[in-house]
1. Among the residues of segment 115-138, what is the count of those that are free of Cβ contacts under 8 Å to residues at least 60 places away in the same chain, within 16 Å of Ser152 (Cβ to Cβ) and not hydrophobic (A, V, I, L, M, F, W, C)?
2. Evaluate the following for Lys156: is it surrounded by fewer than 17 Cβ atoms within 10 Å (Cβ to Cβ), of a type in the set (D, E, K, R) and not assigned by TED's automatic domain parsing to the domain that holds Ile79?
3. May I ask you to list the residues in segment 9-48 that are of a type in the set (Asp, Glu), under 16 Å from the mean Cα position of the chain (by Cα) and at pLDDT 95 or above?
4. Within the bounds of segment 188-205, is there any residue that is assigned to a strand (DSSP E or B) and not assigned by TED's automatic domain parsing to the domain that holds Arg27?
5. With respect to Leu137, determine if the residue is more than 16 Å from ligand 2 (Cβ to nearest atom), of a type in the set (A, V, I, L, M, F, W, C) and surrounded by fewer than 22 Cβ atoms within 10 Å (Cβ to Cβ).
6. For residues in segment 110-134 being within 13 Å of ligand 2 (Cβ to nearest atom) and in contact with a Lys or Arg (Cβ under 9 Å, 6 or more places away or on another chain), which is nearest to Ser214 (Cα to Cα)?
7. Only one residue in Glu41, Glu4 is farther than 18 Å from Leu105 by Cβ, more than 15 Å from ligand 1 (Cβ to nearest atom) and either surrounded by fewer than 23 Cβ atoms within 10 Å (Cβ to Cβ) or of a type outside the set (Ser, Thr, Tyr) (or both), so which one is that?
Amino acid sequence: MKKENIYILGIESSCDDTSAAVLCNDRILSNVVADQKIHAEYGGVVPELASRAHQQNIVPVVHQAIEKAGIKKEQLSAIAFTRGPGLMGSLLVGTSFAKSLAYGLNIPLIDVNHMQAHILAHFIDEDNHKKPPFPFLAMTISGGHTQIVKVSSHFKMEVLGETIDDAVGEAYDKSGKVLGLGYPAGPEIDRRAQLGNPKAYQFTKPKVEGLNFSFSGLKTAILYFVQREVKANPNFIEENLNDICASIQYTIIGILMAKLKLAVKQTAIKHIAIGGGVSANSGIRKALKESEQKFGWATYVPKFEYTTDNAAMIAIVGYLKYLEKDFSDFDVMATARLKI
Ligand code: KG4
Ligand code: ZN
């Protein structure tokens, strides 16, 4: 007998992207993301504006995802949503919407941890994407998080190290602000970095024990450096922007790779996956590719559309939990500081 298809609707609203996706088993049928341009004017996410924008976007985004998938909402098997971590006002919109829709359709509700989802995005079935075998190490690098996680099975994860202050994406975005770049600055710094000299300027790397990270000192070092240089030459930024970006990127990639090397040494695990917005970065992708030859690692990099926040990664976790009948009660609460 042919196995029945499972259709999962995933909903993501933890920060400033409203997203909905539909999966058929572990294949993506649709993945719609509405990002919120409004925050660019403020140079960072404004929580109050984010939750309002989610309210406006959620119905049309979900509607589009179902329509693009070519199914009827009555065919859905379950609804998966981001429970946390994230901004409370933003999470509440997705959580309440998911509950109401699951209740109305009388289907299971599945809560998903956003950070687990960044890792499990690797299990979306895609042509030409190999899935990491267990155990593997996952480095999640985004605007809100920087972690190295040992993944022993889909749901057995152990955080080996994490940032003690800013996330790596914040280091990109805040350095970009100092340089007068728009928000988020990560992609622009990355683009310019590829045109500049990575060794033009040196920034001291933070000294943090073990597998933890720190990025706030680097941000301050860049700020002071730029202020000093601009004092001597008011056109310093414009004249050297590509070199400054390349040097910042070189420093950040150096920090990430050093911690990964230490994690491999400590665990003897050589399968390395990355996830989160910063995993779109060309520097980290290149460094990982090189590590395959250099250190004999096997590396796993997500497709671009699954790097920054998206609901496809929420839906795949929903599917994996659905197989285990791991459903949520309807009184489940959004949790801003949810741990892996
Ligand atoms: O995962 P994500 O969409 O949201 C969070 O959960 O934080 O990550 C957004 C972050 C931003 O800080 C953005 O600047 C950064 O990812 N980012 C990049 C690149 N693309 C996005 N950073 C460096 N290089 C990139 N190409
Ligand atoms: Zn994220």
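The values are calculated or read from the model by the stated rules, or taken from the named source; none is laboratory data. The model shown is predicted, which means the values in this text are computed figures rather than measured ones. Glycine gets a Cβ as well: all are built from the backbone with ideal geometry, and neighbour counts include every protein chain shown.
1. 0
2. So Lys156 fits the description; yes.
3. The one that is of a type in the set (Asp, Glu), under 16 Å from the mean Cα position of the chain (by Cα) and at pLDDT 95 or above: Glu12.
4. no
5. Against the criterion (more than 16 Å from ligand 2 (Cβ to nearest atom), of a type in the set (A, V, I, L, M, F, W, C) and surrounded by fewer than 22 Cβ atoms within 10 Å (Cβ to Cβ)), Leu137 does not qualify.
6. Only one residue fits best here, namely Met115.
7. Glu41
Okay, residues lined up against (1) more than 21 Å from Phe155 (Cβ to Cβ); (2) modelled with pLDDT under 95:
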residue: Asp243; (1), (2): yes, no
residue: Gly254; (1), (2): yes, no
residue: Ile272; (1), (2): no, no
residue: Lys286; (1), (2): yes, no
residue: Lys294; (1), (2): yes, no
residue: Pro302; (1), (2): no, yes
